[in-house]
Amino acid sequence: MTGDRVVAATSLRERKKAKTRQSLIDVSQRLFATKGYSATTLEEICEEVEIRPQTLLRYFDSKARLAIAPMADVIEDLRTKIGDPDRAVDTIDLWREHVEARSFVHSRSTAKVIRRYYKWTGQDPVLVAMTADLNARTQAYLAAGLAADHGVEPDDLHSTLLAAMLVAGWNAVFLRWLESGADPAELGPKQLAVVDFAVANLPRKTATVLRQVAP
């Protein structure tokens, strides 16, 4: 097989794998939302996607991993962008892009899907714990990126505090929006306002003061 054919075959396999993975996510999300997370089996998901359970487990090592895949994929994308050694965009702007992608809900039907997702994930203790872990990872990725932007140590206190404010603020606004049933169009602007507030109220110049607190 020539080099071009090898590349083409590899590319085709990767596309098929990506398609199967996305099908697993789409089918499982629909079944979890309609039947319930606990009541849905991996066998049912596999039957719809037309693969064996052993194959599913090569993509996701558990039902819980499959359940939180939509959120995990978004956060992994953020991690990849922040960790790119050649990136030309600073971490705050990457976070703004992340917020816009997750928070600008353009229809009530989309908002309904989002609210339904957080409702059933919030009813399972394992999924709640895994969601909390994803939030903690997001904060760690942000802190590392902010520190790298300013050429300081990864445990820089200012970067850590700003990352914590950004993630906590995002979650606070998002949860309030979920519970209130507010207009979908309100979420994005409010989330960006939180970013502006955090940056304005914890500017980099405060790092000098913080070093006196935690040298």
ask   = Can you pull the Rg over Rh of segment 88-206, Cα-only, Kirkwood?
value = 1.00
note = For LYS63, the aspartates and glutamates lying under 13 Å Cα to Cα, once residues fewer than eight places off in the same chain are dropped, come out as GLU43, GLU44, ASP124
message = Explain nothing, just the number: dipole magnitude of the chain about its Cα centre with +1 on each Lys and Arg Cβ and -1 on each Asp and Glu Cβ, in debye rounded to the nearest 20.
response = 480
query = Relative contact order, percent, of the chain when contacts are C-alpha pairs under 8 Å separated by at least 6 residues?
reply = 19
P(r) of the chain over all Cα-Cα pairs, binned every 5 Å from zero, in whole percent = 1, 6, 12, 15, 15, 14, 13, 10, 7, 4, 2, 1, 0
request  = Excluding residues fewer than 8 places away in the same chain, name every one of the aspartates and glutamates whose C-alpha is closer than 17 Å to that of LYS16.
outcome  = ASP26, GLU48, GLU50
task = Determine, for each peptide in 162-169, 109-116, the mean count of other beta carbons within 10 angstrom over its residues, then list the peptides with the highest first.
result = 162-169, 109-116
query = What aspartates and glutamates sit close enough to LYS112 to cross-link, taking a C-alpha to C-alpha distance under 14 Å and skipping anything fewer than 8 places away on the same chain?
reply = GLU179, ASP183
inquiry  = Across segment 1-117, what fraction of all alpha-carbon pairs, as a whole percent, falls in each successive 5 Å bin from zero upward?
reply    = 2, 9, 15, 16, 15, 16, 14, 8, 4, 1, 0
query = What number, rounded to the nearest 500 deg cm²/dmol, is the helix-based mean residue ellipticity at 222 nm of the chain, given -39500 (n - 2.57) per DSSP H run of at least four residues and division by all its residues?
reply = -25500 deg cm²/dmol
query = For segment 2-148, which whole percent of the accessible surface, found with a 1.4 angstrom probe, sits on carbon and sulfur atoms?
reply = 54
message = Only four residue types carry charge here, +1 at the Cβ of Lys and Arg and -1 at the Cβ of Asp and Glu. Report the dipole size of segment 55-131 about the Cα centre in Debye, rounded to the nearest 20.
response = 600
message = Between segment 171-192 and segment 17-38, what is the separation of their alpha carbon centroids in Å?
response = 25
ask   = Rule-of-thumb check for segment 60-158: C-alpha Rg over 2.2 N^0.38 Å?
value = 1.22
key: Rounded accessible area per residue of the chain, 1.4 Å, Å²   = 58
note = Candidates LEU66, LEU24, LEU12; GNM for the chain (alpha-carbon contacts under 10 Å) flags as most fluctuating LEU12
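The values are calculated or read from the model by the stated rules, or taken from the named source; none is laboratory data. As the structure is a prediction and not an experimental result, all values here were calculated from the model. Here Cβ is always computed from backbone atoms with ideal geometry, including for glycine, and neighbour counts include all displayed protein chains. Surface areas here come from the heavy atoms of the whole protein model, side chains and all, with no ligands, DNA or RNA. Shrake-Rupley method; radii C 1.70, N 1.55, O 1.52, S 1.80 Å.
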